[in-house]
Amino acid sequence: MPAVSISLRVLAGAIISVLTVSGCQTLDDAGRVIGRADLVNDLAARLDKSTELTYSADYQLPGGRSASISQSQDPVRAAYTYPGGKLTVTADATTACDTRAKKPTCTLDPPQATNTKPSLTIFTEMNRRGLVSPPVVIGLLTAAAIDPDAAIRQYDTTVAGRHATCVEVGQLSDAPATGFDACITSEGALGSFTGTVDGTDIEVALSRYRDAVEKNAFDLPPGAGLVDRRGTPSPSPE
């Protein structure tokens, strides 16, 4: 998805700039600042890397529920499927579908602008349904890195047979979550996440990762009713 891919690169750079400037000015322990900056840079870079890949990732959620993230580069697009909904991001539209009713409904909004940061509001409903997106995780990592009182512990693990680097964060303030545990695989996929984001308990774990995408991954739910809010372009002057 063009908007998210480009913006994550900008965001990753901004994280390091904030840490280098404000961190060194406000913290006496220079080693602590450097350590936080390196950690955030590594994990943000891994998440950013995934935006340049074609892949599918399946996730386990509590209660036997499931979710998935699919991404393709030709054309560039992404799809997030979660309990009761689906979000697709393409060059033509950002489409949010509600699949809880017998007849699904999908709302098409204008695509995200490629020269601005992605609006995290497009992921709000997804968070409420139990799937956290990479941009939201990056935002939490940023908050943890610049919070001098946050407790951060790094460790390694294996998720779905793949190596992952993890951070356990606690005592976080001025952020959507006061604490969380996140793991990022070597490929850059979200390996796992546990935390309470904006009052919603989220727990996801990667169950399957593959370097391919199903042909129907970006299709809208069959029989869905459409609400197109993109508007009609103004005619070009003759």
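Given the criteria under 24 Å from residue 222 (Cα atoms) and of a type outside the set (Lys, Arg), does residue 108 qualify? Spelling it out, residue 108 is indeed under 24 Å from residue 222 (Cα atoms) and of a type outside the set (Lys, Arg). Restricting attention to the stretch 92-124 and to residues that are modelled with pLDDT under 90 and either under 23 Å from residue 62 (Cα atoms) or aliphatic (A, V, I, L, M) (or both), the residue that is most open to solvent (accessible area, probe 1.4 Å) turns out to be 120.
For the stretch 25-32, does any single residue satisfy the condition of being open to solvent by less than 50 Å² (accessible area, probe 1.4 Å) and modelled with pLDDT of 90 or more? So far as the stretch 25-32 goes, no, none of its residues is open to solvent by less than 50 Å² (accessible area, probe 1.4 Å) and modelled with pLDDT of 90 or more. Any residue at all in the stretch 224-237 that's surrounded by 13 or more Cβ atoms within 10 Å (Cβ to Cβ) and in contact with a Gly (Cβ under 7 Å, 6 or more places away or on another chain)? No, because not a single residue in the stretch 224-237 is surrounded by 13 or more Cβ atoms within 10 Å (Cβ to Cβ) and in contact with a Gly (Cβ under 7 Å, 6 or more places away or on another chain).
In the stretch 73-86, which residue that is surrounded by 21 or more Cβ atoms within 10 Å (Cβ to Cβ) and of a type outside the set (Lys, Arg) is modelled with the lowest pLDDT? Going through the qualifying residues, I end up with 78. Applying the condition of being modelled with pLDDT under 95 and touching a Leu at 6+ places or on another chain (Cβ under 9 Å) to the stretch 191-219 and asking which residue is surrounded by the fewest Cβ atoms within 10 Å (Cβ to Cβ) yields 211.
The values are calculated or read from the model by the stated rules, or taken from the named source; none is laboratory data. Owing to the predicted nature of the structure, the values given are computational and were not obtained by experimental measurement. FYI the Cβ positions are ideal-geometry reconstructions off the backbone, even for glycines, and counts take in every protein chain you see. Side chains included, ligands, DNA and RNA excluded: accessible areas come from the protein's heavy atoms. Shrake-Rupley method; radii C 1.70, N 1.55, O 1.52, S 1.80 Å.
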